[in-house]
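Each remark here refers to the structure printed beneath this line.
Laboratory data are not the source of any read-out in this text; all were calculated from the coordinates shown. Model, not experiment: these values are computed from the prediction. Using ideal geometry, Cβ is built from the backbone for each residue, glycine included, and neighbour counts are taken over all protein chains shown.
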Amino acid sequence: MASKYTPGKFDLRVKRSRAGLGLYAFSPIKKGQCVIEYTGKVLTKEEDESSSSLYLFLVNKHKTIDGAARSNKARYINHSCRPNCEITIYGARVWVMAKRAIKPGDELSYDYDKEYFNEYIKPRGCRCLKCQPI
Ligand SMILES: [Zn+2]
């Protein structure tokens, strides 16, 4: 049986969204399914402290990864204050899990941590559907 943390074979595509590029599901995804792993280069403590990458992910106290590589499709997932995905750290790896059922055509989103939100999103205004419904 596949592990809970094995990403499903979903059709995920990078597309233009209201907040720049975004990652969209083109397959139905059930609540609780593993959507994708957030991957990247594991940084040394020195690299972590000097990095200006916007794609740093603090996995735990001892591990930070830099997900800036384009091969890391999860880097295109935008923040939402009412997200359809959530992050789970398991086995010192970063997993994007479906927080609710996702329909083909839906943009994937998760709630970035408060620190990131306050530093990078709040100043220019959050463009998620909850904050700026059309
Ligand atoms: Zn928002």
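Summary of values
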| read-out | value |
| --- | --- |
| Contour minus Cα-Cα distance for Arg13 and Cys81 (0.36 nm per residue) | 22.3 nm |
| Relative contact order %, the chain, counting alpha carbon pairs below 8 Å whose residues are six or more apart | 29 |
| Convex hull volume per residue in cubic angstrom - Cα atoms of segment 18-70 | 122 |
| Flagged links, alpha-carbon separation over 29 Å, of Lys4/Lys63; Lys41/Lys130; Lys73/Lys122; Lys30/Lys61; Lys45/Lys73; Lys73/Lys103 | Lys41/Lys130; Lys30/Lys61 |
| Near-label residues of segment 1-23 by backbone N, under 16 Å of a point 7 Å along Cα→Cβ of Arg70 | 13-16, 21-23 |
| Mean separation of Cα contacts under 8 Å (6+ apart) over length of segment 1-61, as relative contact order % | 28 |
| Kirkwood hydrodynamic radius over Cα pairs of the chain, then Stokes diffusion coefficient at 37 °C and 0.692 mPa s, in µm²/s | 213 |
| Distance in nm between pseudo-label sites at Lys4 and Lys41 (7 Å out along the Cβ direction from Cα) | 3.3 |
| No Cys partner within the rule (Cβ under 4.7 Å), the chain | Cys34, Cys81, Cys85, Cys128 |
| Segment 41-115, relative contact order [Cα under 8 Å, separation at least 6], % | 26 |
